[in-house]
Amino acid sequence: MWFQKRSVSTGLALTCLILITTFYVAFHTNESYIESKTNQLDNVTIHPELLSPRVLCLILTTPKYFLDRVKAVNDTWGPRCDRYLFVTDYTPQTMTPEQINFTQQIPIAPIQNITPGYDHLTQKTTLAFLFAYEKYFNDFDWFVKADDDTYLIVENLKAFLSQQNASEPVTFGYNFKVIVPKGYHSGGASYVLSRESLRRFYEAHKDPTSTCLKDGGNEDIEIARCLRTKDVYPGQSLDKQNRELFHTLSYTDHFRGNFPDWLKKYAENPLQTGDNCCSDQTISFHYIDPDKIYLMDFLLYKTRSRNVSQRKK
Amino acid sequence: MANNSGVGVGTFENNKQTVFTRLLSIGLALTCLILITTFYVGSHTNISYIEFQKIKLGNVAIHSELLSPRVLCLIVTAPKYFLDRVKAVNATWGPRCDRYFFITEYIPQNMTLQQINFAQQIPIAPIQNITPGYDHLTQKTTLAFLFAYEKYFNDFDWFVKADDDTYLIVENLKAFLSDKNPSEPVTFGYNYKVHVRRGMHAGGASYALSRESLRRFDEAHKDPNSTCLKDGGGEDIEIARCLRTKDVYPGQSLDKQNRELFHPLNYTAHFSGNINTTFGKMTEHPLQSGDNCCGDKTISFHYVDPDQIYLMDFCLYKLRSRDVPQRQK
């Protein structure tokens, strides 16, 4: 009996010890417990670097814009891509010393034989994508082309793409319904090719019988036409409230409804103004001058009014 | 018989031991029960515990609605700006003040139908005898503060004057004011060191008067011997001068990295540093450009046109790139 009582006491003592230890440990890991619960419940945005697709950004530009537009992109959203490269003609004999110096500080895609000028953007973009295929095909899931006056909210782009399939022959951007069968994306709003789309683009250009233009025409139209020859199609990019994610104009123009007449015929989705112009998860705006690029970046990434609950208004 | 007594004595000892052991077991059992219960309850109230800890440790911003000061905003304007500037403020930051009023003359015979209609949709302070015009801003602002004292003195801790081209990040203003004392004769805004002894605040960057400061302002104006101007001069200069006669002084409003929180120009001007040198001679703190121009908890900018007001509001309050850790870059 005495032996039994002792073992009961011992058992109880051990149990208490175990409970005390567990309680102590649990108490000190409260926070990770909460966080891991939140991770399970939610929102890919919480640990996106674990889940987010790898994105290569190709930003079209030219030396005359190095010191203002390129500098702004380089200081703000460019580096948020997993990798970013400026795609530009590089002709030192026509560049100023400042521009030449500046090129040392920015990542320029080593692409030969780019013809300068607004009339050769199809070539510039084509060479950019072919270069991306040759050097980086295996390293990224999505390949984004943007302009030097595009403002890209890279995290929102990645969040959007994380719901899409990079093995599909699909592209995303701001959708125009005219000119190209099944539509095409506005170049300035930026658009994204999946790995599969890039592969097919490359295939198209390797094909000697291809109708893909190597230059000439409008970049966004010709790239889309070329992709279409290989059955690559534009996907949808509206949010759950049917608001656009990519924007072919600036925020102000979309918000105010300053739409040029042609846009009303081109836009695949009805044009909306005011609070419906632009999704909370907006990915891009176009025609953003350098001052605005810095301003938007300050507001989005530096200003800390975020944690205040009233802010939800 | 020896057994019996042995048993007897032994039993007595045994009894003591038994009772003791039994008590020990019961005690241990109770302890375990208590621990189990505590642990169970504790694991289900993790969140409130963490938050409670955070409140103790941190950041008033987390439950600011419990701790935040009440702010009354007085926005100086005129009918010609109703449909653009006032509309923008009314649609964005104005309502984030605990209460806000537009301070304006109201002369229907000089107003368009649209302006008159629009006036119904905005909170205009019922102040009589405001003289229109840029030369009468001292009067407009003075009447605004006196009105605020008469009607709202007890309802707010801080009284903020802003322009219709000011963009105010109200939560940051409240966070800033939450560890300041409204019973002190102090004001906050963007500090100029010139014109007024001890300095003054730039009117367009907005400035905040504590309750005590407002009380003294009213006292100053009630005093027949006061040198406070009822009108004329520059509004920000004269208001500061008047406050100074009652020993109200401008406080400091730099963040921990010595960056300004209130800004008398717009973001681009401060960031780029394209500011003329005469301006630079007026400022209490050296002008900084680039990333040091503007604190993370920036409160205000000035010369923000309506388009930019809507853009800033969209970026700060609608666009959701916030929760992404990469964003800290």
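Values quoted throughout were computed directly from the atomic coordinates according to the rules given, and no laboratory measurement underlies them. Quick caveat, the model's predicted, so the values are computed rather than measured. In this analysis, Cβ positions are derived from the backbone assuming ideal geometry, glycine residues included, and neighbour counts consider all displayed protein chains.
Of all lysines in the structure, the ones whose alpha carbon falls short of 26 Å from that of residue A:265, not counting any fewer than 8 places away in one chain, are A:145, A:177, A:182, A:240. Between B:144, B:221, B:298, the Cα set farthest toward the positive side of the dipole of the stretch B:71-318 (charges on each charged residue's Cβ, about the Cα centre) is that of B:221. Amide H to amide H distances under 5 Å link residue B:99 with B:71, B:73, where only residues 5 or more positions off or on other chains count and H is placed in the peptide plane. Per-residue Cβ neighbour counts within 10 Å put B:212, A:155 in the sequence B:212, A:155, beginning with the fewest. Scalar couplings 3J(HN,Hα) for the stretch B:275-286, obtained by applying the Karplus form with A = 6.51, B = -1.76, C = 1.60 to θ = phi - 60°, are 10, 6, 5, 4, 4, x, 6, 8, 6, 5, 10, x Hz; x denotes Gly and Pro. Peptide B:307-316 has a mean of 6 when you count, residue by residue, the C-beta atoms of other protein chains within 10 Å of its C-beta. Counting Cβ atoms of other protein chains within 10 Å of each residue's Cβ and taking the mean over peptide B:286-295 gives 1. Ordered by the count of other Cβ atoms within 10 Å of each Cβ, fewest first, B:26, A:108, B:75 give B:26, A:108, B:75. Classify the stretch A:50-302: rounded, prolate or oblate, from the alpha-carbon gyration tensor (a ≥ b ≥ c, eigenvalue square roots; a/c under 1.5 rounded; otherwise prolate if a/b is larger than b/c)? Taking the square roots of the gyration eigenvalues as a ≥ b ≥ c, the stretch A:50-302 is rounded. Sorting A:170, B:76, B:86, A:25 by the number of Cβ atoms found within 10 Å of their own Cβ, with the fewest placed first, yields A:25, A:170, B:76, B:86. Model label points for residue B:80 and residue A:182, set 7 angstrom from Cα along the Cα-to-Cβ axis, are 5.7 nm apart. The length gained by stretching the chain between residue B:225 and residue B:291 to full extension, at 0.36 nm per residue less their Cα-Cα distance, is 19.0 nm. To the nearest 10 degrees, how steep is helix A:30-41 against the longest Cα principal axis of chain A, on a 0 to 90 scale? Between the helix axis and the principal axis of chain A, the angle is about 50 degrees.
What does DSSP give for the stretch A:50-302 in terms of the percent of beta bridges that are antiparallel, rounded to the nearest 5? Could you put the intermediate results ahead of the total?
Numbers: 13 of 27 bridges.
Of those bridges, close to 50 percent are antiparallel.
Helices in chain A, meaning DSSP H runs of at least 4 residues, each add -39500 (n - 2.57). Divided by all residues, the mean residue ellipticity at 222 nm is -11500 deg cm²/dmol. Across peptide A:274-283, the average count of Cβ atoms from other chains found within 10 Å of a residue's Cβ is 3. Modelled spin labels at residue A:229 and residue B:181, positioned 7 Å past Cα toward Cβ, are 7.9 nm from each other. Of the DSSP beta bridges with both residues in the protein assembly as shown, give the percent that are antiparallel, rounding to the nearest 5. Around 50 percent antiparallel, to the nearest 5.
Let a ≥ b ≥ c be the square roots of the eigenvalues of the Cα gyration tensor of the protein assembly as shown; is it rounded (a/c under 1.5), or, if not, prolate (a/b larger than b/c) or oblate? Oblate. Rounded if a/c is under 1.5, else prolate if a/b beats b/c, else oblate: with a ≥ b ≥ c from the C-alpha gyration tensor eigenvalues square-rooted, which is the stretch A:97-146? Because a/c hits 1.5 or more and a/b fails to exceed b/c, the stretch A:97-146 counts as oblate. A simple charge model with +1 on the Cβ of Lys and Arg, -1 on the Cβ of Asp and Glu and nothing else charged puts the dipole of the stretch A:50-302 at about 440 debye relative to its Cα centre.
Quote the charge dipole size of the protein assembly as shown about the Cα centre in Debye, to the nearest 20; the model charges only the Cβ of Lys and Arg (+1) and of Asp and Glu (-1). Dipole of the protein assembly as shown, to the nearest 20 debye: 1660 debye. Charging the Cβ of each Asp and Glu at -1 and of each Lys and Arg at +1, and nothing else, the dipole of the stretch A:75-154 about its Cα centre rounds to 160 debye. Here residue B:15 and residue A:21 are evaluated by their C-beta separation; at R0 = 35 Å the FRET efficiency comes out at 0.50. Highest average first, the peptides A:283-292, A:136-145 ordered by how many other beta carbon atoms sit within 10 Å of their residues are A:283-292, A:136-145.
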